[in-house]
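The values are calculated or read from the model by the stated rules, or taken from the named source; none is laboratory data. If you're wondering where the values come from, they're calculated on a predicted model, not measured in any experiment. To get the accessible areas, we keep the full protein, side chains included, count just its heavy atoms, and leave off ligands, DNA and RNA. Shrake-Rupley method; radii C 1.70, N 1.55, O 1.52, S 1.80 Å.
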Amino acid sequence: MVSARRPETRWVTRLIPFALLGCLFFSTYAFVKHICIDFFIHSRHESSAATALLVVYFFFLVLMLFTYFRLFLVVQFNPGVLPLGPLAVEQRAKQKEERRKSGMCVRLREGDLEAHRYDTYSWPDPNPDSPGLEAFYSKDVFVCHTDGWPRWCSSCCNWKQDRAHHCSELNRCVKKMDHYCPWVGGMVGETSFKFFVQFTFYAMLYCAVGIVSAAFNLRTLIMSGAGVDGVVIGMLGVTAFFGLFAFAMTATSVRYVCLNLTNVDYLKAKTLVHQLAVRVPRGTPPSIGGIASGLDYQVITYPLSRPKSEVTEPSPQSSDRTFINESVSPRDLLATRTFAIVKTEKGENPWDLGVYGNWKSVMGNNIIDWLLPLKPSPCESAENNESFYQMGPLYQQLRSRYNLPDIPTNEKGGVELDELEKQRKHQGRGTGTRSSR
Ligand SMILES: [Zn+2]
């Protein structure tokens with residue numbers, strides 16, 4: 001279980017479910033007693049109308065509660081965080097130990113330099129065998145920096161998978177991070193977004209039933225000259241407040257699903273340029289397509305060569321990433337992979353599968369999946385040999401735009417990488433050259 005690191009956030013998160021529960025009990029009491037029993041059955045003698053309303057009300061209430069609990073459990077126990085790098089594990093254990101030793105019962109305040117003195121020390125691990133690095137270059141395409149290295153999180157001390165972002169509340173990288181939601185007790189991201197959409201949708205319908213019933217009750221009482229019911233006015237206020245909120249959240253979330261964006265992506269969707277490492281035939285030189293298409297590109301070959309010095313950390317001020325030329329055996333050469341480093345235009349989304357494809361990637365493949373919070377989103381298991389997430393048509397368009405050569409059939413498949421990994425491990429054991437990190 002990953003909790004928010006700020007104590008005030010943790011307390012708000014703990015208290016909100018009780019506040020919601022209070023509102024729910026009040027609305028249900030007002031609806032059943034004041035609207036259905038007193039108004040429809042006793043005053044108007046319309047038992048069938050009261051029964052129909054009760055069925056609809058409790059139908060949406062049950063669906064709303066069911067999706068809420070599913071969402072709450074996923075957010076608490078499977079928020080989709082990426083693993084910490086070995087250095088971060090070590091640093092955070094030290095932090096914990098220091099706090100314990102110094103008897104700090106009082107939690108460290110946010111912004112306290114002492115609390116974060118380990119957080120920003122780590123620069124991208126220059127070790128070619130860095131844990132997790134192979135997961136990137138064994139794909140055909142991944143998000144990279146200008147130098148072709150995958151993105152790095154200096155807090156988690158680990159490589160950042162495509163579409164993951166660092167959440168400062170959890171102090172962890174979260175896959176397809178969307179937003180921190182105190183209403184549901186944590187971070188909404190890849191693993192929970194589907195359930196979040198379903199929850200806000202059912203909450204909106206539940207509130208709509210309450211709003212319409214309360215408004216009808218109040219209108220009838222006013223028209224007949226009878227005094228209005230204060231409890232029903234209170235219920236109208238509560239359901240209208242949450243109803244509007246749920247409507248806004250449903251509309252926004254459905255929009256994100258259809259565009260295959262997250263809240264974080266959307267903030268810079270129009271201006272963001274994605275940089276991608278796209279696999280090309282082994283040994284492809286840089287800018288091969290530049291002459292014809294006017295688009296230049298650099299290339300990078302993985303596994304990376306060993307740095308000049310494995311004991312010296314790269315200086316934060318310098319971008320020194322020069323490497324020694326090891327004598328590479330012909331067999332090793334056959335196991336290398338070359339990537340062209342290309343850019344999208346501003347606002348292009350490499351994962352856009354079209355509205356229906358985007359919808360299915362989050363909400364599921366059929367109407368049962370769309371309506372019930374049972375199965376996880378298909379995009380959670382979309383990782384394959386090609387990419388972390390299913391790529392949209394832009395991927396092939398980029399290949400054509402940069403005139404990238406196709407990968408020959410004899411380079412496809414992962415056999416050569418397995419072979420190389422075995423050799424490297426063997427060499428590392430034999431010569432002791434593997435980094436201790
Ligand atoms: Zn992180």
Task: Entries of Lys175/Lys270; Lys96/Lys160; Lys160/Lys194 with Cα pairs more than 27 Å apart - done: none
- [ ] Counting only C-alpha contacts under 8 Å and six or more residues apart, can you give the relative contact order of the stretch 147-233 as a whole percent?
- [x] 13
TODO: Could you provide, to the nearest whole Å², the per residue accessible area of the stretch 148-269 with probe 1.4 Å?
DONE: 35
Task: Whole-Hz ³J(HN,Hα) from phi, Karplus 6.51 cos²θ - 1.76 cosθ + 1.60, for the stretch 380-386, glycine and proline x - done: 5, 10, 7, 4, 9, 5, 7
- [ ] Measure off, as a whole percent, the carbon and sulfur share of the 1.4 Å-probe accessible area of the stretch 25-76, all protein chains present.
- [x] 79
- [ ] Keeping all protein chains in position, work out how much accessible area Val197 exposes to a 1.4 Å probe, and write it in Å² to the nearest 10.
- [x] 10
Open item on the list: Just to verify a number: what accessible area does Glu386 come out at with the full protein assembly present, 1.4 Å probe, Å² rounded to tens?
Closed with: 60
TODO: Tell me which residues come under 5 Å, amide H to amide H, from Cys181 once H is placed; ignore anything under 5 positions away on its chain.
DONE: Gly186, Met187, Val188
Task: Under-5 Å amide H pairs with Arg282, H placed in peptide plane, nonlocal only - done: Thr338
TODO: Would you please give the residues with an amide H less than 5 Å from that of Ala164, counting only those at least 5 places away or on a separate chain, with H modeled from the backbone geometry?
DONE: Lys176
- [ ] Compute, for Phe25, the solvent-accessible surface of its heavy atoms (probe 1.4 Å) with the complete set of protein chains present, and express it in square angstrom to the nearest 10.
- [x] 150
